[in-house]
Every structure is written in structure tokens, then in C-alpha cells.
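The block underneath contains the structure these notes are about, expressed in C-alpha cells.
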Amino acid sequence: MVAAGEPAVLECMPPRGHPEPSISWKKDSANIDDRDERITIRGGKLMITNARKSDAGKYVCVGTNMVGERES
């Protein structure tokens, strides 16, 4: 939980896999649009600068590789 205007950082702990899974994020079951300049996904972390009330929701990270997909 963060206050409006503060940065939010969510960490993903995906299961290990071979090949190493790529990480994406969903908010309320929809893929997150990282074209929003406030949102950065790096090293599995989801970072939101200047959090807004509209950012509230359920966040899930998704690990995907050629074998399949798994939510964490």
C-alpha cells in the first residue's frame, strides 16, 4: 500500500525455469501497458512513479517461456 504521489515497487518471485522465463505484469487480469511513462518493468520488478488512486488493484506477475506460463 502506498500513498498517492509516492512511488510503488512490486517485486516478482517467479518460479525458475529453463529457459529462464520472461516476466510481465497484469493488473486486475489485464496486461499492464508499460508505455505509460510512470510504469517501468525491470528485472521482474514493477515500478510505478507518482502512484494514483486509479493504480489501485490486484497485481500479478507472469513468468512465460517456451514451456508455458505461470502466475505468481
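The values are calculated or read from the model by the stated rules, or taken from the named source; none is laboratory data. Note that the coordinates shown come from a computational prediction; the quantities given were computed from them, not determined experimentally. FYI the Cβ positions are ideal-geometry reconstructions off the backbone, even for glycines, and counts take in every protein chain you see. Side chains included, ligands, DNA and RNA excluded: accessible areas come from the protein's heavy atoms. Shrake-Rupley method; radii C 1.70, N 1.55, O 1.52, S 1.80 Å.
Observations on the model:
- Of the residues making up the range 1-29, those that are closer than 11 Å to Gly63 by Cβ, outside any loop (DSSP other than H, G, I, E, B) and not hydrophobic (A, V, I, L, M, F, W, C) number 2.
- Subset of the range 30-40 that is at pLDDT 90 or above and either more than 11 Å from the chain's Cα centre (by Cα) or in a strand (DSSP E or B) (or both) - its residue that is surrounded by the most Cβ atoms within 10 Å (Cβ to Cβ): Ile39
- Applying the condition of being farther than 14 Å from Ser54 by Cβ and among the small types (Gly, Ala, Ser) to the range 4-24 and asking which residue is least open to solvent (accessible area, probe 1.4 Å) yields Gly17.
- Of all the numbered requirements in (1) touching an Asp or Glu at 6+ places or on another chain (Cβ under 7 Å); (2) surrounded by 10 or more Cβ atoms within 10 Å (Cβ to Cβ), Lys58 misses one, and that requirement is (2).
- The single residue among Lys45, Lys27 that is under 12 Å from the mean Cα position of the chain (by Cα), buried (at least 16 other Cβ atoms within 10 Å of the Cβ) and modelled with pLDDT of 90 or more turns out to be Lys27.
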